[in-house]
1. Filter segment 112-125 down to the residues that are open to solvent by 70 Å² or more (accessible area, probe 1.4 Å) and free of Cβ contacts under 8 Å to residues at least 24 places away in the same chain and list them by number.
2. Considering only segment 64-84, how many residues are assigned to a loop (DSSP other than H, G, I, E, B) and free of Cβ contacts under 8 Å to residues at least 24 places away in the same chain?
3. Sort through T257, T262, T268 and tell me the only one that's modelled with pLDDT of 95 or more, farther than 23 Å from A130 by Cβ, surrounded by fewer than 22 Cβ atoms within 10 Å (Cβ to Cβ) and polar (S, T, N, Q).
4. Take P280 and decide whether it is buried (at least 16 other Cβ atoms within 10 Å of the Cβ) and out of contact with any Lys or Arg (no Cβ under 9 Å at 6 or more places or on another chain).
5. Taking the criterion of being open to solvent by less than 80 Å² (accessible area, probe 1.4 Å), part of a loop (DSSP other than H, G, I, E, B) and either modelled with pLDDT under 95 or in contact with a helix residue (DSSP H, G or I) (Cβ under 8 Å, 6 or more places away or on another chain) (or both), would at least one residue in segment 149-164 satisfy it?
6. Any residue that is more than 26 Å from P261 (Cβ to Cβ), at pLDDT below 90 and either within 26 Å of the chain's Cα centre (by Cα) or not charged (D, E, K, R) (or both) - is there at least one of those in segment 187-197?
7. With the requirement that a residue be more than 28 Å from F58 (Cβ to Cβ) and surrounded by fewer than 15 Cβ atoms within 10 Å (Cβ to Cβ), what does segment 287-306 give you?
Amino acid sequence: MSHPPFLIVGQGLAGSLVALSLLERGAAVTVVDDGAADAPSRVTPGLATPIAGPRLTFPPSGAATAAGSWQRYRRLERLFGQRLLQSHDILHMAGGREELRQFQKRSLDPAFAHWLGRQFSPGDHDGVLADPWGGFEIRGRQVNVPALLSHAAAALRAQDALRDGVVNTADLHIDADGLSWQGQRYREVIFCDGPAGSANPWLAGVGLQRVPGEVLTVSPAHPIPSHIYHGRAGYLAPQPGQHGLFRLGATYGTPDTPAAPTEAGRDTLLAQLPRLLSRPPRMEVVDHRAGTRPATPQRCPVLGRIPGKPAAVLNGLGARAMLQAPYLAERLAEHLLEDAPLPEGCLTPRPE
């Protein structure tokens, strides 16, 4: 007897990757998406940085996350027949001597050294960078998120497994064999609904927050090298498939406040340019967007089954979603189908 499908809430990055991981393991899915305009997957530049922060750390789920996610993206490229992952040496401008000392320390550790490039001195990159302390390279990636989501949606529609709509917990009817929604039986519900998860009563106590942010798409008046420029001021990253355009980001607003493009946000972002480029060209603002990141105060993702419910969750991926989502989606699929252990470093849902 075949199992009923999993009901997946959200067709952003997390929901798409969980759905594909379950489908590849022979499970059936139904994905419901509300098309929210402030969904982070519709705003992100797709930066995937394996080592980040002043202390240059891996994501909470550990060093295996980066390698596992790259492998997953490559498998999806073969499945879809399109390049999704672009390798980049991220040019990180150091914020001071302590950050450079941390880089030198990490470079002696093989686990970290694999993801780090060379250190550079001030002015090494033809004077393009605003780097009074110099900096170093991080071997990162950039994900073509629109292409990934488009291919995932097409794969789901081909199986009649993608629906528009909103799933409210009040409309989920639980019984001994699973649950039902709108008259259809489901094995379990998996919440990958991003910022909307902060209002989910089944996730009460997890502490999911909605963190608004703004980004600009800009066109330089004259060409600049197509690097990812990164520092404490933010980032300037080329847009996949959009020659000559860059994404400039990002602001971090007060948690649980609305996301909206503002003049103040635009001015803040443009003011970052002299701290990234030594002689920034005039930039035409092509697009200005706001989105909401789902995050937790601990900066750890939420992963696993919800106690007492036929339900699970992958959410709270924050600013490192591109790096963590593929690896954690695979682990969640294995956990749900094979009872495999979940990786450490993630928050587990608590009982209501």
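1. Just the residues of segment 112-125 that are open to solvent by 70 Å² or more (accessible area, probe 1.4 Å), to begin with: 114, 118-119, 122, 124.
If the condition is that a residue be open to solvent by 70 Å² or more (accessible area, probe 1.4 Å) and free of Cβ contacts under 8 Å to residues at least 24 places away in the same chain, then R118, Q119, P122, D124 are the ones that fit.
2. So in segment 64-84, the residues assigned to a loop (DSSP other than H, G, I, E, B) come out as 81-84.
Keeping just the survivors that are free of Cβ contacts under 8 Å to residues at least 24 places away in the same chain gives 81.
So the count comes out to 1.
3. Working: T257 fails: modelled with pLDDT of 95 or more; T268 fails: farther than 23 Å from A130 by Cβ.
Testing whether each residue is modelled with pLDDT of 95 or more, farther than 23 Å from A130 by Cβ, surrounded by fewer than 22 Cβ atoms within 10 Å (Cβ to Cβ) and polar (S, T, N, Q) leaves just T262.
4. Values: buried (at least 16 other Cβ atoms within 10 Å of the Cβ): yes; out of contact with any Lys or Arg (no Cβ under 9 Å at 6 or more places or on another chain): yes.
The answer is yes for P280.
5. Our first condition is that a residue be open to solvent by less than 80 Å² (accessible area, probe 1.4 Å); within segment 149-164, this holds for 149-156, 161-162.
Add one more test, that the residue is part of a loop (DSSP other than H, G, I, E, B), and what stays is 161.
From the residues that got through so far, the ones that are either modelled with pLDDT under 95 or in contact with a helix residue (DSSP H, G or I) (Cβ under 8 Å, 6 or more places away or on another chain) (or both) too are 161.
For segment 149-164, residues open to solvent by less than 80 Å² (accessible area, probe 1.4 Å), part of a loop (DSSP other than H, G, I, E, B) and either modelled with pLDDT under 95 or in contact with a helix residue (DSSP H, G or I) (Cβ under 8 Å, 6 or more places away or on another chain) (or both): present.
6. Applying the first criterion (more than 26 Å from P261 (Cβ to Cβ)) to segment 187-197 yields 187-191.
Filter again for at pLDDT below 90, leaving none.
No, that holds for no residue.
7. Narrowing segment 287-306 to residues more than 28 Å from F58 (Cβ to Cβ): 287-290.
Passing the criteria: only D287.
Quick grid of which residues meet (1) touching a residue at least 12 places away in the same chain (Cβ under 8 Å); (2) open to solvent by 10 Å² or more (accessible area, probe 1.4 Å); (3) closer than 27 Å to G304 by Cβ; (4) assigned to a strand (DSSP E or B):
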| position | (1), (2), (3), (4) |
| --- | --- |
| P59 | yes, no, yes, no |
| G62 | yes, yes, yes, no |
| Q86 | yes, yes, no, yes |
| E137 | yes, yes, no, yes |
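The values are calculated or read from the model by the stated rules, or taken from the named source; none is laboratory data. Everything numeric here is computed off the predicted structure, so don't read it as measured data. Heads up, the Cβs are rebuilt from the backbone with ideal geometry, glycines too, and the neighbour counts pull from every protein chain shown. Just so you know, the surface numbers come from the protein's heavy atoms only, side chains and all, with ligands and any DNA or RNA stripped out. Shrake-Rupley method; radii C 1.70, N 1.55, O 1.52, S 1.80 Å.
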